[in-house]
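The values are calculated or read from the model by the stated rules, or taken from the named source; none is laboratory data. All of these numbers come straight from a predicted model, not from anything done at the bench. FYI the Cβ positions are ideal-geometry reconstructions off the backbone, even for glycines, and counts take in every protein chain you see. To get the accessible areas, we keep the full protein, side chains included, count just its heavy atoms, and leave off ligands, DNA and RNA. Shrake-Rupley method; radii C 1.70, N 1.55, O 1.52, S 1.80 Å.
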Amino acid sequence: MARRDDLRNAREKSLSGRSPTAAGRDKTKQALDWVYRWDWAAASTLDSLSGAQRRGLSARLIKHGLLKATRTECGCAVKGVPQAILTLTKLGVTEIERWREALLPYDLDPYRVRQDKIRHDQLAQSATAAALSAGRISSFSTEKELAEKSLNGLKQPDVVWQLPNGQRMGIEVELSAKWERDLDQFVLSCLKAIEKGADGRARLDMIAIVTDSPAIAKRYKAAFEPGATVGLWAKDARGRWSKNNKIKVSDWVKDKMQWRLIAD
Amino acid sequence: MATNRRLTVAVMAAALLSACAPDDAERTQKLEAANHALGARIAALEQQLHDQHAVRQAELEYLERQASIAAGCDFLLPMYPASITAPGHKARSEGLGGGAGWPFWLAVILKLAGLGGLLTGSVAAWYWLVAPQRKTTTAAQAAIQDVQKNVEDAKKTAAMHEDKALDAKRRTEETLAELENTRQAIRNARHELAKIESDRQSAEAAKDALSCF
């Protein structure tokens with residue numbers, strides 16, 4: 001009896017005054033929109049979005065031809081990599097583009113998805129879905145959406161979260177170490193993102209670096225320490241990269257950086 | 001003189017009669033009437049002369065007295081007012097006076113008495129009124145000097161107090177300025193604290209969100 005009441009309460013809360021059909025349509029739109037923005041998604045991520053206790057939304061969407069599942073190369077051999085990734089079908093793209101205000105380029109070929117980035121992207125997606133469901137963020141923007149808005153080809157964070165207080169936090173998931181030019185350019189792009197421009201505003205209020213490696217965390221913290229040197233790279237006449245200058249990290253950067261070490 | 005006049009008139013009347021025409025009785029009557037009239041007239045004039053002589057005599061005696069009085073008044077030191085000596089002076093200018101009769105000496109005596117009384121009164125007044133007043137005046141002057149000295153001392157003290165007041169005012173203004181600086185520092189600190197709190201809350205919110213990883 002109590003169990004039935006709990007279920008009824010949960011259902012009423014899930015419906016939020018909508019009809020079951022409308023609620024189902026909204027869930028479909030939310031799932032399709034998610035995949036459209038991220039290019040792909042794991043079934044678990046889509047199901048967690050809907051708040052469903054049972055996994056069924058993804059299967060239903062696949063069944064209806066809106067999504068298609070593609071097995072990943074490593075399957076479940078690597079922790080954090082889903083067995084399959086879900087991408088939009090042509091029908092799914094058409095369906096979601098009916099409702100979206102801003103369109104994004106979408107590649108229908110699931111094999112264009114970089115397998116070496118699946119774990120990286122999955123971490124970002126699952127954390128974003130969890131934060132959104134918990135109300136710890138109010139909205140987010142994917143790298144693809146940010147790149148589409150950016151006119152000067154700036155390197156964008158993996159995802160940007162909008163906190164409830166209105167601040168924008170860029171998330172950088174770093175699972176492999178960067179060196180030399182890659183590290184310098186990574187640090188420089190982060191500094192540029194949080195540095196105030198001519199209009200007195202910065203693109204982002206803070207940057208969060210998320211890693212599962214204590215060594216990476218230590219190295220990157222040192223790279224962002226006030227007074228640390230950052231090399232400026234440019235291509236020479238022969239098209240080869242060379243370091244022609246350097247800058248120092250300012251004191252104020254420390255207050256704009258967040259660090260998150262993921263426990264394995 | 002009256003007799004000579006009568007005689008003269010009679011002789012004239014006789015001459016006139018001797019030279020007149022035969023109607024002598026009438027003429028004589030007329031002449032006698034005229035003579036009688038003339039004689040009455042002469043008597044009246046003589047009476048008038050007598051009366052005037054008395055008046056003139058009294059007037060002369062009066063002027064003599066006035067002249068003596070004026071002489072007495074002017075003796076040694078003229079000090080009587082003109083209302084008393086003016087008639088005498090006028091009489092003297094007309095040749096009257098010059099004797100040293102009782103009016104003269106009366107005026108002199110009165111003058112001397114008056115002078116003596118004035119002198120005595122002055123001396124008495126000096127000793128009874130002025131001398132004490134002088135003492136009082138000297139004491140008052142001494143008191144005034146004391147007061148003036150006190151006033152000067154009070155002015156010096158007031159000037160000293162004014163300097164102190166100005167100094168106190170300057171220190172008050174400095175204190176107020178310092179207080180305002182402190183208030184501003186407090187406002188800045190509060191603003192800073194609010195900013196730190198805001199940053200802390202932002203960091204908390206960020207950490208809270210990142211815990212979803």
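Could you compute how much accessible area chains B and A hide from each other, both sides summed, with a 1.4 Å probe? Nearest 100 Å² is fine.
1300
Given a 1.4 Å probe, how much area per residue of the protein assembly as shown is accessible, in Å²?
About 66 Å² of surface per residue is accessible.
Using the Cα centre of segment A:1-144 as the reference point, and only Cβ charges (+1 on K/R, -1 on D/E), how large is the resulting charge dipole? Debye, rounded to the nearest 20.
That gives segment A:1-144 a dipole magnitude of about 500 debye.
About the Cα centre of segment B:89-164, how large is the charge dipole given +1 on each Lys and Arg Cβ and -1 on each Asp and Glu Cβ? Please answer in debye to the nearest 20.
300
Under a point-charge model restricted to the Cβ atoms of Lys and Arg (+1) and Asp and Glu (-1), what is the dipole moment magnitude of the protein assembly as shown relative to its Cα centre, in debye to the nearest 20?
3980
Debye sum, Cα scatterers, the protein assembly as shown, no solvent: what log₁₀ I/I(0) at q = 0.07, 0.08, 0.11 1/Å?
One equal scatterer on each Cα of the protein assembly as shown leads to -0.69, -0.77, -1.07.
Subtracting the Cα-Cα distance from 0.36 nm times the residue separation, let me have the gained length for residue B:90 to residue B:76 in nm, one decimal.
3.1 nm
Work out the charge dipole of segment A:94-231 with +1 on the Cβ of Lys and Arg and -1 on the Cβ of Asp and Glu about the Cα centre, then indicate which of A:229, A:190, A:134 is farthest towards its positive end.
Checking the options against the dipole of segment A:94-231, the answer is A:229.
Between residue B:37 and residue A:147, what is the label-point separation in nm under the 7 Å Cα-to-beta-carbon projection?
Between residue A:147 and residue B:37, the label points sit 18.1 nm apart.
Relative to the first principal axis of the alpha-carbon coordinates of chain A, what is the inclination of helix A:90-99, with its axis defined by its Cα atoms, in degrees from 0 to 90 and to the nearest 10?
It works out to around 90 degrees.
At 7 Å along Cα-to-Cβ for each site, give me the label-to-label distance between residue B:131 and residue A:240 in nm.
Spacing of the two 7 Å Cα→Cβ label points: 13.6 nm.
Using only alpha carbon pairs under 8 Å that are at least six residues apart, calculate the relative contact order of chain A and give it in whole percent.
Computed over chain A, the figure is 12 percent.
Keeping the other protein chains in place, figure out the carbon and sulfur percent of the accessible area of segment B:71-213, with a 1.4 Å probe.
The computed percentage sits at 63.
Rg and Dmax in Å for chain B, alpha carbons only: what are they?
Rg then Dmax for chain B, in Å: 59.2, 200.
Could you work out the helix-only [θ] at 222 nm for the protein assembly as shown, with each DSSP H run of four or more residues adding -39,500 (n - 2.57) and the total divided by the number of residues, to the nearest 500 deg cm²/dmol?
-21000 deg cm²/dmol
For the protein assembly as shown, build the charge dipole from Cβ charges (+1 Lys, Arg; -1 Asp, Glu) around the Cα centre, then report which of B:147, A:161, A:241 sits farthest towards its positive end.
Farthest along the dipole direction, towards plus: A:241.
Going through the cross-link list A:192/A:243; A:155/A:221; A:149/A:196; A:68/A:256, which pairs have a Cα-Cα distance over 30 Å in this structure?
A:68/A:256
Give me the distance in nm between label points sitting 7 Å out from Cα along the Cα-to-Cβ direction at residue B:26 and residue A:5, one decimal.
19.5
Set the Förster radius R0 to 60 Å, insert the Cβ-Cβ distance between residue A:59 and residue B:178 as r into 1/(1 + (r/R0)^6), and round the FRET efficiency to 0.05.
Efficiency, from the Cβ-Cβ distance: 0.20.
Calculate the mean, over all residues of peptide B:201-207, of how many other protein chain Cβ atoms lie within 10 angstrom of the residue's Cβ.
Neighbouring Cβ atoms belonging to other protein chains average 6 per residue here.
Reported to two decimal places, what Rg/Rh ratio describes segment B:138-203 when computed on Cα atoms with Rh from the Kirkwood expression?
When Rh is taken as the Kirkwood radius, the ratio is 1.67.
Once the cut-off is 24 Å, how many percent of the Cα-Cα pairs in segment B:96-213 end up in the long-distance tail?
74
Taking the Cα atoms only, what angle lies between the long axis of helix A:118-134 and the longest principal axis of chain A, rounded to 10 degrees?
Helix A:118-134 sits roughly 60 degrees off the main axis of chain A.
If you keep only loop residues by DSSP, which trypsin sites (Lys or Arg not before Pro) in segment A:181-221 have at most 13 other Cβ atoms within 10 Å of their Cβ?
Those satisfying the criteria are A:196, A:201.
Accessible area of residue A:74, 1.4 Å probe, to the nearest 10 Å²?
50
How about segment A:134-148: which of its residues lose at least 10 Å² of accessible area in the presence of all protein chains relative to their chain isolated, using a 1.4 Å probe?
The answer is A:136.
Using a 1.4 Å probe on the protein chains only, how many percent of the accessible area of chain A belongs to carbon and sulfur?
Using a 1.4 Å probe with all protein chains present, chain A comes out at 49 percent carbon and sulfur.
Could you tell me how far the Cα centroid of segment B:158-213 sits from the Cα centroid of segment B:50-121, in Å?
108
Taking the 0 to 90 degree range and rounding to the nearest ten, how far is the long axis of helix A:214-223 tilted relative to the main principal axis of chain A, both from C-alpha atoms?
50
For segment A:170-264, what does the equivalent ellipsoid look like in terms of its semi-axes, each the square root of 5 times an eigenvalue of the Cα gyration tensor, given largest first in whole Å?
22, 19, 12
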